[in-house]
1. Restricting to the chain, compute how many DSSP beta bridges are antiparallel as a %, nearest 5.
2. Could you point to the residue in Val162, Tyr227, Val131 farthest towards the positive end of the chain's charge dipole, with +1 and -1 charges on the Cβ of Lys/Arg and Asp/Glu respectively?
3. Could you list which residues have their amide H under 5 Å from that of Tyr71, counting only those 5 or more apart in sequence or on another chain, with H placed in the peptide plane?
4. Using the Cα centre of the stretch 15-58 as the reference point, and only Cβ charges (+1 on K/R, -1 on D/E), how large is the resulting charge dipole? Debye, rounded to the nearest 20.
5. If each residue's Cβ is checked for other Cβ atoms within 10 Å, how do Arg130, Arg86 rank with the fewest at the top?
6. What value, in deg cm²/dmol to 500, does the helix sum -39500 (n - 2.57) over DSSP H runs of n ≥ 4 give at 222 nm once divided by the residues of the chain?
7. Where does each of 254-260, 48-54, 171-177 land if you order them by average Cβ count within 10 Å, highest first?
8. Compactness ratio of the stretch 15-58: Cα Rg over 2.2 N^0.38 Å, N = residue count?
Amino acid sequence: MNHPDKFGLGLRPTIHDVAHAARVSLATVDRVLNGRNGVRPATRERVLAAVKAVGYERDVAAANLSKRREYRIHFVLPAGPNSFMRGIEDEVASLCGPARQDRVQLSLQTVPPFDAPGLVTALHAIDPKRVDGLAVVATDAPIVREAIDGLVARGLPVVTLVSDVPSSRRGHFVGIDNVTAGRTAAGLLGRFCHDRPGDLAVVAGSGLVRDHVERRLGFEQVIRTEYRQLKVLPSIEGLDEPDLVDELLSDLLAQNPSIVGIYSLGAGTRGVSRALTRAGLARRPWTVVHELTPHARQELRSGVFDAVLHQDIGHEVRSAIRVLRARIDGRPFVPAQERIRIEVFLRDNIP
């Protein structure tokens, strides 16, 4: 039973109350609460029963402050020209100073994008004795899952960021609901193209990352059931590289005059806008992309893009830190606070 209001005075139970109820010393209570040796099993059970009886709740933050504990949190992100990932990198860097005030030490490394073996090499090199928590943008591959599971088995809390590996033992996923994001994009393009039956081009980074796969899944579900005048074409995979996206999409637009809409579900949006400009079509395809980067903002204002789906980078990084701190301390977090919203921006509501 919980007793947050001791004697009706609004006072929280203390370790003195636990010691009194268990009929032991404060030192014994301290050893039990901190998992140290030197306490007989029967005495330990009596202390734990007293903790429950008086409703004692340990103030983890105060305990860590008294020990001068620091939280060493490490981020692993894909390298390359992806503006969204570079935005996450900048956000982590900007939080290094403020985080130190909360006894959080942040570090970051990058690995080749869409490279499962390269990511696994980086994960295997992480020493749980030197890192307290890990946030990783992961490729969804069996070897990556095994590497994450291995770190968790060694006692390292892990959260996946932006792109999930749900079959792993990671403690939490920090990111938007990507199936819903794809469904949202489909609803937008379906309405935009209501008077133009035809084909929809899908520009992905890679089918090796779960966020891209889930967005495609949600997108196709809605188009096939609600907008049957439209046909979703096979995805072109530009590896989030603008030049490759430009080349692949330009070829597709030249070969298929029936394209009435484009959904760019990854990065590489500079390549999308270049291909659209180069095509010089009399009637431009409606275009929905992800992430309100400076370039996407400019193209939304100019009318090259019609809608942008966005996720708050700052919220994601701060959420990853909060969740990892909670996992490190063995305490719960507030799921509603860590839910990342999908934001939809049109030209008229750009912040």
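Since every read-out is calculated from the coordinates, none of them should be taken as a lab result. If you're wondering where the values come from, they're calculated on a predicted model, not measured in any experiment. Cβ placement follows ideal geometry from the backbone for every residue including glycine, while neighbour counts extend to all protein chains displayed.
1. So the antiparallel bridges in the chain amount to around 10 percent.
2. Of the options given, the answer is Val131.
3. For Tyr71, the qualifying residues are Val104, Gln105.
4. On the way: 8 positive and 4 negative charges, 37 e Å.
Result for the stretch 15-58 is approximately 180 debye, rounded to the nearest 20.
5. Values: Arg130 9, Arg86 16.
Fewest-to-most ranking of Arg130, Arg86: Arg130, Arg86.
6. Values: 13 runs with 161 residues, N = 351.
Result for the chain: -14500 deg cm²/dmol, rounded to the nearest 500.
7. Working: 254-260: 13.7, 48-54: 17.0, 171-177: 21.0.
Result, highest mean first: 171-177, 48-54, 254-260.
8. Numbers: Rg = 8.9 Å, N = 44, 2.2 N^0.38 = 9.3 Å.
Compared with the compact-globule rule of thumb, the stretch 15-58 sits at 0.96.
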